[in-house]
Every structure is written in structure tokens, then in C-alpha cells.
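Encoded as C-alpha cells, the structure appears first; notes follow it.
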Amino acid sequence: MPKLVIISSIPFNNRVIEYAKSLSGYTIISRDWIRRHIYGDYCVITNKMEEETTKDFNFKLKKAYLLNLDVVLPGTFCNENYIDKTISECPIEYDIEVKFFDYPLWKAIIKNFINHRKTGVFIPIYVLYALKRGYDAINKEKYRHYSEKLAISQQKW
């Protein structure tokens with residue numbers, strides 16, 4: 001049975017990418033990577049750019065579903081609506097796991113400034129605050145059964 005892993009955290013949490021890369025055989029589909037591939041590192045993010053990134057992301061995700069690939073989505077996923085939408089659009093034959101990686105806002109702000117010096121890309125501080133508020137507001141217990149279901153299905157093998 002194919003698997004979908006949704007990872008929720010605020011930006012700049014290195015554990016997210018480390019975990020995603022540790023899942024051998026999984027296809028990683030990341031909006032950040034898609035955006036970087038299309039527009040490069042030095043860009044000002046616009047609504048049009050986000051629309052194009054979302055179109056490409058949705059295309060890659062649907063293609064992965066059609067091929068029954070194991071998929072990991074490392075991203076911000078900082079609100080329940082986004083997580084719920086992703087789960088509702090996932091084919092029924094997929095096992096779903098939702099993982100949460102807590103990360104302090106102060107570290108994200110510092111890494112944001114470091115990232116800006118290195119790449120020129122900067123996330124406005126108010127956006128980081130909003131993402132952190134959204135992440136903290138997620139009822140993580142609501143998604144607990146997805147992780148438990150996956151752990152039980154893996155024990156069968």
C-alpha cells in the first residue's frame with residue numbers, strides 16, 4: 001500500500017528535510033524546491049508566482065498518486081485546513097502519516113536573516129509570526145490516528 005507523509009513545521013527547521021531525505025524510496029514533493037527550480041534563488045515571491053508553483057505542485061502530486069508512489073510532503077503546512085485538504089484529496093488506498101516538528105520562532109527568525117545574507121531570499125517577519133501562530137493552533141491530537149494507523153500497518157510486514 002502506498003504511503004503519504006505530511007510534515008508540518010515552520011520554515012527553516014532542518015529536521016524536516018533530514019527526516020524527508022531519510023525516507024528512502026519516497027518521492028519528495030516540495031513547494032520550496034519547485035519554486036526554486038522555476039524561479040531560482042533570487043526572487044521576490046508574488047501571487048502569480050505562488051499560483052504557478054501550486055499548479056506545478058498539484059500536477060506532481062497527482063502524477064505521484066497515479067503511479068502509486070510513496071510520497072513525502074515537507075512543507076510548512078501551518079494550518080489545519082491545508083492539512084485536511086491534502087488528506088481529503090489523497091486517494092483512499094494510501095496510508096497517511098502526519099508528522100509535526102516543533103521549532104522555536106526565534107531560531108526561524110535568525111535563520112531567515114542568515115538565509116537572506118546567503119541567498120537574497122527573505123520571508124517577512126510578520127509571515128513567520130503568522131505561520132508560527134497557525135502551527136501552534138493546530139490540534140495535533142486530531143491527526144494522531146494517522147500516525148498510529150501507519151505504525152500498525154508497518155508492523156504487519
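A few notes on this one:
- Segment 57-111, residues that are in a helix (DSSP H, G or I) and in contact with a Ser or Thr (Cβ under 7 Å, 6 or more places away or on another chain): 64, 83
- Segment 90-112 - residue that is in contact (Cβ under 8 Å) with a residue 12 or more places away in the chain and more than 30 Å from residue 122 (Cα to Cα) and, of those, surrounded by the most Cβ atoms within 10 Å (Cβ to Cβ): 97
- Considering only residues in segment 12-22 that are in contact (Cβ under 8 Å) with a residue 12 or more places away in the chain and out of contact with any helix residue (DSSP H, G or I) (no Cβ under 6 Å at 6 or more places or on another chain), the one that is surrounded by the fewest Cβ atoms within 10 Å (Cβ to Cβ) turns out to be 15.
- Which listed residue is basic (Lys, Arg), assigned to a helix (DSSP H, G or I) and under 13 Å from the mean Cα position of the chain (by Cα), from 117, 15: 15
- Residues that are out of contact with any helix residue (DSSP H, G or I) (no Cβ under 6 Å at 6 or more places or on another chain), modelled with pLDDT of 90 or more and surrounded by 14 or more Cβ atoms within 10 Å (Cβ to Cβ) within segment 23-57 comprise 23, 26, 30, 52, listed in sequence order.
- Cβ-Cβ under 7 Å pairs, at least 6 apart or on other chains, segment 23-34 side over 13 Å from residue 76 (Cα atoms), far side part of a loop (DSSP other than H, G, I, E, B): 25/70; 26/70; 27/69; 27/70
- Residue within segment 116-135 that is hydroxyl-bearing (Ser, Thr, Tyr), surrounded by fewer than 13 Cβ atoms within 10 Å (Cβ to Cβ) and either within 27 Å of residue 35 (Cα to Cα) or modelled with pLDDT of 90 or more (or both) present: yes
- If you check 54, 119 for being out of contact with any Cys (no Cβ under 9 Å at 6 or more places or on another chain), closer than 24 Å to residue 19 by Cα and free of Cβ contacts under 8 Å to residues at least 40 places away in the same chain, only one passes: 54.
- Top-ranked residue of segment 120-141 - restricted to ones that are of a type outside the set (A, V, I, L, M) and farther than 18 Å from residue 77 by Cα, ranked as nearest to the chain's Cα centre (by Cα): 122
- Members of segment 18-56 found to be closer than 24 Å to residue 115 by Cα, in a loop (DSSP other than H, G, I, E, B) and of a type outside the set (A, V, I, L, M, F, W, C), listed by number: 30, 40, 41, 42, 46
- Some residue of segment 70-87 being at pLDDT 95 or above, touching a helix residue (DSSP H, G or I) at 6+ places or on another chain (Cβ under 8 Å) and either exposed (fewer than 12 other Cβ atoms within 10 Å of the Cβ) or among the charged types (D, E, K, R) (or both): no
The values are calculated or read from the model by the stated rules, or taken from the named source; none is laboratory data. Just so we're clear, the structure is a prediction, and the values are computed from it rather than from any experiment. As a convention, Cβ positions derive from the backbone with ideal geometry for all residues, glycine included, and neighbour counts pool all protein chains shown.
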